[in-house]
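Some notes on the structure that comes next.
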Amino acid sequence: MTAAAAIKTNLKIKAVEVYVVQLLNDKLPASIYFHNVEHTLQVKKIALELAKIEKVKKEDREILALAALFHDTGFINSYEEHEGESQLIAVAYLRDKGYPEDKIARIKELIKVTDPKVAPACLLEKIICDADMAYVGQNKYKTRSNQLRKEWELNRTNFYPTDLQWEEENLSFLQNEHTFYTAAAKMKFKDRKSKNIEKTKNRLQAVLKLEEKRLDEFSVAKNKAALTMFKTSLRNHIDLTAIADNKSNIMLSVNALLLTIGMPIFASYLSDKLYLLAPSIIFMFTCITTMVFATLSTRPIKMNGKTNLAKIPAGKTNLFFFGNFYNIGLNTYQEEIKKVISNKEHLDTSIINDLYYLGHSLGDKFRYLRICYNVFIVGIALSLLAFLVSFWIGA
């Protein structure tokens, strides 16, 4: 190649560079943070550096430089499958400039191979792939990686990785998926890539520690919330138990008073007014039945002060209810309760069981209490009605 031809070639590449830079500055969407002008010029620069080390002919360097300049121009029209758009833009421009068709075809192939799904075959294809991914072996890898993440979040569907997921993907990509194809790239970027892998590992460990801390804090907060809920439930159950017992005592007192007053009165009238016998019986039956159910409501459950200790691990009994341990020896109780406290699962199960059985007992109380009040209401109403009818008949 003559000196004049070389100068002409340099001018051609420079003119294309000016065109591409202007095109990207004017039409590239604002959401493109990674595949921008800076990236395009960097790929062109590194591609020529690698080509020089690999002793690529000057004619092929020209093709390589042009492909590098056009390889991401397709982002102005489409994000997915932009390589096809880039080829169309390159072909339209180069044909307009009268560039040889055989060289245009080679440039199209070089642009096509920048798609990660396409494997490079010849040296030029390997060089442009290495130049396109050179950032993994550069000092600014973390910055460029963050720019790529932001770009993908804005342009890809449902791409919102957590910091942990992103660092895991980065490490997997660097260690398992990416490789430099040319000896020149391996020599130039291998050391820095290794450092970037180590830094990514360190960031991943830091993110994992933060995640563990967050989970621990969440677990503590959840446990505190659960403990507060258990305390509130137990207090409510105890308060409701006291209310139920108080209501039962009221019914016992009222009906005992009614019987104490009513029976002598009925006895004095029944000798000559037998028509009052039926309402009197209804009244006394009401009072007695009400007192029975009120007593059942307050009656303590059956307890023997012992429990089957072998059932504790299975969660079928617990040592927090006094009815299960008051006849067990102190030493035995201390040993068994320590086992429960030292095992979080057994402890949680015992607390839950204690709450359950307290609620079960409370349910029985209120069931009997409801029957008690229903009997009293219906019985008093029937007694009153029966007295009115009896007086009307007797009159």
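The values are calculated or read from the model by the stated rules, or taken from the named source; none is laboratory data. Note that this is a predicted model, so its numbers are computed, not measured. Cβ sites come from the backbone with ideal geometry, for glycine too, and all protein chains shown count toward neighbours.
Being at pLDDT below 90 and surrounded by 13 or more Cβ atoms within 10 Å (Cβ to Cβ) is a condition met by no residue of the stretch 184-194. Are any residues in the stretch 296-319 among the hydrophobic types (A, V, I, L, M, F, W, C), buried (at least 16 other Cβ atoms within 10 Å of the Cβ) and outside any helix (DSSP H, G or I), and if so, which ones? Across the stretch 296-319, the qualifying residues are ILE312, LEU319. If you go through the stretch 66-106 and keep only what is more than 15 Å from LYS44 (Cβ to Cβ) and of a type in the set (Gly, Ala, Ser), you end up with GLY74, SER78, GLY84, ALA92, GLY98, ALA105. The condition of being under 18 Å from ILE53 (Cβ atoms) and either of a type in the set (Val, Ile, Thr) or in contact with a helix residue (DSSP H, G or I) (Cβ under 6 Å, 6 or more places away or on another chain) (or both) holds for only one of ILE104, ILE197, ILE128, that being ILE128.
Looking only at the stretch 169-192, residues that are touching a helix residue (DSSP H, G or I) at 6+ places or on another chain (Cβ under 6 Å) and under 19 Å from ILE53 (Cα atoms) come to 7 in all. Taking the numbered list (1) surrounded by 12 or more Cβ atoms within 10 Å (Cβ to Cβ); (2) touching a helix residue (DSSP H, G or I) at 6+ places or on another chain (Cβ under 8 Å) in turn, ILE393 passes all entries but (1).
Taken together, VAL20, VAL56 contain a single residue that is farther than 13 Å from ILE111 by Cβ and surrounded by 16 or more Cβ atoms within 10 Å (Cβ to Cβ), which is VAL56.
Scan the stretch 224-241 for residues that are of a type in the set (D, E, K, R) and either within 20 Å of THR349 (Cβ to Cβ) or not in a helix (DSSP H, G or I) (or both) and report the count.
2
Restrict the check to the stretch 326-338 and report whether at least one residue is under 16 Å from TYR357 (Cβ atoms), surrounded by 14 or more Cβ atoms within 10 Å (Cβ to Cβ) and in the same structural domain as ARG367 (by TED's automatic domain parsing). The answer is no; no qualifying residue exists. Restricting attention to the stretch 136-165, the residues that are free of Cβ contacts under 8 Å to residues at least 40 places away in the same chain and either within 26 Å of LYS190 (Cα to Cα) or assigned to a helix (DSSP H, G or I) (or both) add up to 8. Residue count for the stretch 353-377, restricted to those that are β-branched (Val, Ile, Thr) and in contact (Cβ under 8 Å) with a residue 24 or more places away in the chain: 2.
Looking at SER361, SER390, just one residue is modelled with pLDDT under 85 and either basic (Lys, Arg) or within 42 Å of the chain's Cα centre (by Cα) (or both), and that residue is SER361.
Are any of the residues in the stretch 276-295 over 46 Å from the mean Cα position of the chain (by Cα), modelled with pLDDT under 75 and assigned to a helix (DSSP H, G or I)? Yes; the residues of the stretch 276-295 include at least one that is over 46 Å from the mean Cα position of the chain (by Cα), modelled with pLDDT under 75 and assigned to a helix (DSSP H, G or I).
Candidates ALA68, ALA92: the one that is surrounded by fewer than 17 Cβ atoms within 10 Å (Cβ to Cβ), assigned to a helix (DSSP H, G or I) and assigned by TED's automatic domain parsing to the domain that holds LYS117 is ALA92. For the stretch 105-130, filtering for residues that are within 41 Å of the chain's Cα centre (by Cα), closer than 20 Å to LEU88 by Cβ and outside any loop (DSSP other than H, G, I, E, B) leaves 1. In summary, ILE63 fulfils each of the numbered conditions (1) surrounded by fewer than 19 Cβ atoms within 10 Å (Cβ to Cβ); (2) touching a residue at least 40 places away in the same chain (Cβ under 8 Å) with the single exception of condition (1). The lone criterion from (1) under 30 Å from SER280 (Cα atoms); (2) surrounded by 12 or more Cβ atoms within 10 Å (Cβ to Cβ) left unmet by LEU257 is number (2).
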